[in-house]
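The values are calculated or read from the model by the stated rules, or taken from the named source; none is laboratory data. Note that the structure is a prediction, hence the values are computed from the model and not measured. A quick note on method: Cβ atoms are made from the backbone with ideal geometry, for glycine too, and the neighbour counts reach across all protein chains shown. When the accessible area is computed, the model is the full protein with side chains, heavy atoms only, and any ligands, DNA or RNA have been set aside. Shrake-Rupley method; radii C 1.70, N 1.55, O 1.52, S 1.80 Å.
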Amino acid sequence: MKGITHVDFTGFNSSLFNGLQVYDAEDYVIKPKDGNSLFVMTNMVITPKQYQGKCPEDPESYQALCKTDKDCQQETSNKYGHGERTGRCVPSYRNSTLTVCEIHGWCPTEDDRLPMIKSNVSTNIPLLEGTKHATVLIKNQIDFMKFDVATYNIPNTNNRTYMKKCRYNAKTDPLCPIFRLQDIVSSCGDNYTQVAFKGAIYGIIIEWKCNLDYSIEECLPKYRFKRLDNSRSSISKGFNFRYVNYYVEKGKRYRTLTKAFGIKFELLAHGKAGKFNIIPLLTNLGAGIGLLGLATLCCDFIVLNLVPKRNVYRDYICADVTQEYEEHLREAAKEEKEEATRLKLMMVNKCAVRSPHTARKLLEML
């Protein structure tokens with residue numbers, strides 16, 4: 001990540017955060033626990049110089065309000081509070097008309113409101129709006145182990161200044177791996193300033209579709225962007241988390257609590273590669289031919305036996321050959337009889353030469 005922005009803390013009651021402070025990528029980029037994502041802080045609520053002690057509970061917390069000490073049972077707490085109750089009901093620091101339970105914990109308690117209290121920024125502009133001009137370089141390598149090939153998304157060019165000047169653009173420079181944060185958000189139809197106020201989650205999708213019959217140099221990535229969180233949600237909208245920085249001053253331990261709002265970018269890479277092979281082709285061809293024959297058999301069985309109008313279909317595809325078969329038998333019998341008569345006449349002719357008397361008897365028998 002690269003980019004510079006600033007926050008004007010003039011009027012903010014803290015010796016650590018006062019006046020104009022410059023934030024670079026090392027300040028606002030927070031490494032998440034999962035390895036395939038990037039979090040950019042765009043807004044924040046800072047509670048400086050917290051210490052371990054006793055103080056009134058935040059009146060906005062669940063079951064913080066009380067009327068008497070009996071309402072604040074000692075050494076009890078709730079998961080939405082900031083510490084353990086001391087058993088006392090005391091006036092609130094933030095609203096003098098309210099009484100709240102006193103707690104033992106990190107004091108003063110967090111004032112979780114946006115925009116940050118006493119900051120000089122309006123209600124709809126994030127403190128770190130300048131992050132929209134920041135850029136991120138994404139390096140991605142993909143391996144197709146079945147084909148023993150690998151490639152990466154950094155363009156192979158002889159122009160040494162290309163990586164310093166290029167910015168991703170779907171039309172003019174779709175292979176540049178350097179992305180401006182505002183362009184990613186805008187490509188999803190969102191306004192960076194509005195989104196950055198409470199945060200969001202976006203996916204940077206890298207797609208590889210490679211035909212390995214050609215050179216691996218022609219296997220190029222395509223980038224897509226998609227918002228992953230529910231922008232229409234009315235509850236817990238956006239994305240945020242808290243982190244602390246501890247320090248010691250005059251022998252006493254303090255911490256600075258920061259509730260960070262920002263944009264989380266999830267990197268999603270997937271690919272598909274193929275290469276021609278004659279064996280799968282023949283196997284699929286044979287299987288296809290076999291399935292075509294099986295399909296015909298199944299269709300005929302269903303139409304001839306299961307459908308309501310199966311008799312109509314049977315009349316069209318099945319011919320009645322009974323009459324033709326009977327005529328064929330009669331013709332065959334007639335031909336067989338004529339052949340037998342012809343053979344007998346030949347025998348009579350042969351006998352007539354040797355014995356006319358025997359020949360006359362044979363003709364009588366015929």
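So the values come out like this:
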item: Check on Asp190, outside any helix (DSSP H, G or I) and acidic (Asp, Glu); result: yes
item: Test result for Ile142, assigned to a loop (DSSP other than H, G, I, E, B) and either closer than 14 Å to Val40 by Cβ or of a type in the set (Val, Ile, Thr) (or both); result: no
item: Search result, residues across region 151-165 that are outside any helix (DSSP H, G or I) and either in contact with a Ser or Thr (Cβ under 6 Å, 6 or more places away or on another chain) or hydroxyl-bearing (Ser, Thr, Tyr) (or both); result: Thr151, Tyr152, Thr157, Thr161
item: Any pair with Cβ under 6 angstrom, 6 or more apart, that starts in region 86-110 at a residue that is farther than 18 Å from Thr76 by Cβ and ends at one that is open to solvent by 20 Å² or more (accessible area, probe 1.4 Å) and of a type in the set (A, V, I, L, M, F, W, C); result: Ser92/Leu98
item: Hits in region 178-224 - residues which are of a type in the set (Ser, Thr, Tyr) and over 21 Å from Asn153 (Cβ atoms); result: Ser186, Tyr192, Thr193
item: Any hit, region 37-45, residues being in contact with a strand residue (DSSP E or B) (Cβ under 7 Å, 6 or more places away or on another chain), over 17 Å from Arg242 (Cα atoms) and part of a loop (DSSP other than H, G, I, E, B); result: no
item: Qualifying positions in region 123-150 - surrounded by 11 or more Cβ atoms within 10 Å (Cβ to Cβ) and under 22 Å from the mean Cα position of the chain (by Cα); result: Val136, Leu137, Ile138, Asn140, Ile142, Asp143, Phe144
item: Some residue of region 219-228 being free of Cβ contacts under 8 Å to residues at least 12 places away in the same chain and open to solvent by 50 Å² or more (accessible area, probe 1.4 Å); result: no
item: Residue check, Glu336 open to solvent by less than 80 Å² (accessible area, probe 1.4 Å) and modelled with pLDDT of 70 or more; result: no
item: Residue under evaluation Ile206, criteria (1) part of a strand (DSSP E or B); (2) among the hydrophobic types (A, V, I, L, M, F, W, C); (3) open to solvent by 60 Å² or more (accessible area, probe 1.4 Å), criterion not met; result: (3)
